Amino acid sequence: MVLRELRAAVLEANLELVKRGLVLYTFGNASGVDREKGLVVIKPSGVDYDDLRPEHMVVTDLEGKIIEGKLKPSSDLDTHILLYREFPSIGAVVHTHSEYATSFAQAGLPIPALGTTHADYFYGPVPCTAPLSDDAIGGRYVHETGKAIVERFSATQDHPALDPMAIPACLVAGHAPFAWGKDPHDAAHNAVVLEYCAKMAYKTLTLKSEVNVVTQALLDRHYFRKHGPKATYGQG
């Protein structure tokens, strides 16, 4: 069995989503990539989490061709592999339909950086894609979902390019969130924190609809204490 350790890590990331209440039934999926081998390990489609085992994980190449596995890969595979191809710094992708982050996605709204909890993990608002066109939905829908995320992180006349490792998540308009990280554990962790930040943002905006986002100084202070060469958080 190829990629034994990555299979185990991807399974653990999928189970973490259940443990933290981010998925119901067979919702959601997690994957990981081995950059040296050019292979992706992903959850099989529609299999109950209680039944999942490492050997059930499906291995594909970066074009989606199945290399190993008897089950069908997640129906979101094309989104995952597109993100791996376009964001070479990421090592894992997680997709959920978690309640609060999905609420922002359904509203077509980014999750604003309203406080220091958000700033500890996301260097600015978590963006939301533009709605997919009817042609995109009727065509290669899952691939187009990935394209919408990549386009949102690309530079335009309206905004500079976003760093996918500084903002390791995106909402897909009318759909749900995707998150990523350096490995499956990190991606699952970011998905859990994303949902927590979305919940707090929702409650804050319910209390006061017009609220200031965190200042750049406070955003910098909190984000860079946990990230980058001068990070001071933790035991090093």
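The values are calculated or read from the model by the stated rules, or taken from the named source; none is laboratory data. Because the structure is a prediction, the values reported are computed rather than measured. Here the Cβ positions follow ideal geometry from the backbone for every residue, glycine too, while neighbour counts run over all protein chains shown. Ligands, DNA and RNA are stripped out before the accessible areas are found, and what is left, the full protein with its side chains, is counted by its heavy atoms. Shrake-Rupley method; radii C 1.70, N 1.55, O 1.52, S 1.80 Å.
Key figures for this structure:
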item: Out of Tyr202, Tyr233, Tyr196, sole residue that is open to solvent by 90 Å² or more (accessible area, probe 1.4 Å), hydroxyl-bearing (Ser, Thr, Tyr) and under 27 Å from Ile42 (Cβ atoms); result: Tyr196
item: Filtered residues of region 217-236 (kept if more than 19 Å from Pro164 (Cα to Cα) and either assigned to a helix (DSSP H, G or I) or among the charged types (D, E, K, R) (or both)); result: Ala217, Leu218, Arg221, Lys230
item: So Leu82, is it assigned to a helix (DSSP H, G or I), farther than 16 Å from Ala188 by Cα, hydrophobic (A, V, I, L, M, F, W, C) and touching a residue at least 60 places away in the same chain (Cβ under 8 Å); result: yes
item: Positions within region 108-132 being polar (S, T, N, Q) and touching an Asp or Glu at 6+ places or on another chain (Cβ under 8 Å), in sequence order; result: Thr129
item: Tabulated pairs, region 1-27, first more than 15 Å from Asp183 (Cβ to Cβ) and small (Gly, Ala, Ser), second at pLDDT below 95 and open to solvent by 100 Å² or more (accessible area, probe 1.4 Å), C-beta under 9 angstrom, 6+ apart or interchain; result: none
item: Any chance Val41 is touching a residue at least 24 places away in the same chain (Cβ under 8 Å), part of a strand (DSSP E or B), under 20 Å from His189 (Cα atoms) and under 13 Å from the mean Cα position of the chain (by Cα); result: no
item: Selection from region 72-111 of residues that are open to solvent by 30 Å² or more (accessible area, probe 1.4 Å) and in contact with a helix residue (DSSP H, G or I) (Cβ under 6 Å, 6 or more places away or on another chain); result: Asp78, Glu86, Tyr100
item: Restricting region 121-157 to residues that are among the aliphatic types (A, V, I, L, M) and part of a loop (DSSP other than H, G, I, E, B), the residue that is surrounded by the most Cβ atoms within 10 Å (Cβ to Cβ); result: Leu132
item: Residues being closer than 20 Å to Tyr141 by Cα, in a loop (DSSP other than H, G, I, E, B) and of a type outside the set (Lys, Arg) - total across region 56-79; result: 6
